[in-house]
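Enquirer: One structure, as structure tokens, below. Some questions next.
The values are calculated or read from the model by the stated rules, or taken from the named source; none is laboratory data. Keep in mind it's a predicted model, so treat the numbers as computed, not measured. Cβ atoms come from the backbone with ideal geometry, glycine included; neighbour counts cover every protein chain shown. Surface accessibility is based on the protein's heavy atoms, side chains included, excluding ligands, DNA and RNA. Shrake-Rupley method; radii C 1.70, N 1.55, O 1.52, S 1.80 Å.
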Amino acid sequence: MAITGNGSLATLLFLFVIPAALHKGAAQYPVQSQNLVTDNVEVMEGDVAVISCRVKNNDDSVIQLLNPNRQTIYFRDVRPLKDARFQLVNFSDNELRVSLSNVSLSDEGRYVCQLYTDPPQEAYADITVLIPPGNPIIESREGQVIEGNETEMTCTAMGSKPAATIRWMKGDKELQGISKVEETYDHMFTVTSQLRFIVTKEDDGVPVVCIVDHPAVKDFQALTYLVVHYKPEVKIIVEFPDGLPREGQNMELSCQAKGKPHPQQINWVKVDDDLPSHALITGPDLYIENLNKTYNGTYRCFAANSVGESYDDYILYVYDAPTTTPIPTTATTTIPTTTISLPEATADTTPSAEPAAHDSRAGEGAPRAVDHAVIGGVVAVVVFAMLCLLIILGRYFARHKGTYFTHEAKGADDAADADTAIINAEGGHNNSDEKKEYYI
């Protein structure tokens, strides 16, 4: 039997990739044609593919392998094609197995298995070469983002086959980007994904991850961290006094400000007025000596950085100096004493809402707590006094409670009217000594 150069004799070709434990990225898909069985193959560039053909119920027919250009690679166990990358692995009546090493993109295509019967039979195996993308690259429109602004990031995966897909993660949250695929002259693909979102100060330091998915690689990703600038957050803290600010005491207010970048300027002012002459500013702290009521007002702390400026207010209300008069212990003296102390919180012309704002901003509930305690004490004393009075009256009326009868009532049952009853009464009006009342 003669062998022709154009590969007209029937052969059977079967291609497969070395198992995944030895050659990653390979996949097999069974294809059947009468007595032929072969596989489609996916193999990474540079790996080894193993070509194997199986024949069912072979009757000693000749097996031949053809490449995508219809050139004979193997005729039975002979290799006419001068490509040393093809090597015979096994030959028998039921199988022809050939290996292809160092697979490249040019090896991709449809290979033909031929079984020389009458008529000849063919089976086809498509080899797909996988080329992983290069390292993904993340680029940001700006290195530092201001809170509340929109940022844009771009992730690029170049030189892959087939085209890769790109996903985005911000922290533990997945975000949706917009992808664009471009095919290069050498049939490779470049994928670019754009991501846009509004940043907040909570995003500062949060990782943003670009994840590239491709059949040839796993967990391929690039990472960057957000740098968010935001204006200062300002809060005034009362260092002392601990309780109510009273005349003659000293006060220190501390201005706590944080932001990114860190605030470089911190200033103290008094709204609609000048700071007291005794006020001393040391860094973020305001120190006031010998408080008096002329210092009442709103004190404001400003903090600024390159992003912006913020402030916080403290409303100062100076109370009278504490008196040295002993607190009475009896109920009768406690009521007026407490009543006199109540106007202290409302004696000044300052609206009652301002001390409330001062207390809440300064973190002090003492002024309102003391007023409530005094009012509660007054109410308790009044209620106690009223209860005592009710008990005394009850006992008094209980002793004099009862019914009584007079002689004037005698004969009233038989009389036609009141005058007759009086005339018929025993003794009449002449005996006044007998008109006595008896208490039971």
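Enquirer: Identify all residues within the stretch 113-151 that are free of Cβ contacts under 8 Å to residues at least 12 places away in the same chain and under 25 Å from the mean Cα position of the chain (by Cα); write none if there are none.
Expert: Residue satisfying the conditions is GLU142 alone.
Enquirer: Could you give me the residue pairs with C-beta distances under 8 Å whose first residue belongs to the stretch 165-194 and is within 19 Å of ASP219 (Cβ to Cβ), whose second residue is crowded, with 17+ Cβ neighbours inside 10 Å and of a type in the set (D, E, K, R) wherever it lies, and which are 6+ apart or on separate chains?
Expert: From residues that are within 19 Å of ASP219 (Cβ to Cβ), the pairs are LYS170/ASP203; GLU174/ARG167; GLY177/ARG167.
Enquirer: So which residues in the stretch 268-288 are of a type in the set (D, E, K, R), at pLDDT below 90 and surrounded by 13 or more Cβ atoms within 10 Å (Cβ to Cβ)?
Expert: Residue satisfying the conditions is ASP273 alone.
Enquirer: Got a sec? Which of ARG141, ARG110 is of a type outside the set (Ser, Thr, Tyr) and either closer than 30 Å to ASN57 by Cα or buried (at least 17 other Cβ atoms within 10 Å of the Cβ) (or both)?
Expert: Result: ARG110 is the single residue among ARG141, ARG110 that is of a type outside the set (Ser, Thr, Tyr) and either closer than 30 Å to ASN57 by Cα or buried (at least 17 other Cβ atoms within 10 Å of the Cβ) (or both).
Enquirer: Hey, among VAL98, VAL89, which residue is closer than 30 Å to MET188 by Cβ and either part of a loop (DSSP other than H, G, I, E, B) or not hydroxyl-bearing (Ser, Thr, Tyr) (or both)?
Expert: Within the list VAL98, VAL89, the selection yields VAL98.
Enquirer: Given the criteria outside any loop (DSSP other than H, G, I, E, B), modelled with pLDDT of 90 or more and touching a strand residue (DSSP E or B) at 6+ places or on another chain (Cβ under 9 Å), does SER52 qualify?
Expert: No: the conditions fail for SER52.
Enquirer: Sort out which residues of the stretch 295-339 are at pLDDT 55 or above, surrounded by 13 or more Cβ atoms within 10 Å (Cβ to Cβ), assigned to a loop (DSSP other than H, G, I, E, B) and out of contact with any Lys or Arg (no Cβ under 8 Å at 6 or more places or on another chain), and write them in order of number.
Expert: ASN296, SER306, TYR317 - these are the residues of the stretch 295-339 that are at pLDDT 55 or above, surrounded by 13 or more Cβ atoms within 10 Å (Cβ to Cβ), assigned to a loop (DSSP other than H, G, I, E, B) and out of contact with any Lys or Arg (no Cβ under 8 Å at 6 or more places or on another chain).
Enquirer: Taking the stretch 113-134 as the search range and keeping residues that are in contact with a Phe, Trp or Tyr (Cβ under 8 Å, 6 or more places away or on another chain) and part of a loop (DSSP other than H, G, I, E, B), which one is surrounded by the most Cβ atoms within 10 Å (Cβ to Cβ)?
Expert: PRO133
Enquirer: Here is a further query. Please go through the stretch 196-210 and give me each residue that is surrounded by fewer than 20 Cβ atoms within 10 Å (Cβ to Cβ), under 29 Å from GLY134 (Cβ atoms) and not basic (Lys, Arg), ordered by number.
Expert: Selection gives PHE197, GLY205, VAL206, PRO207, VAL209.
Enquirer: Can you find, within the stretch 211-233, the residue that is farthest from ALA164 (Cα to Cα) among those that are touching a Gly at 6+ places or on another chain (Cβ under 6 Å) and open to solvent by less than 20 Å² (accessible area, probe 1.4 Å)?
Expert: Going through the qualifying residues, I end up with PRO232.
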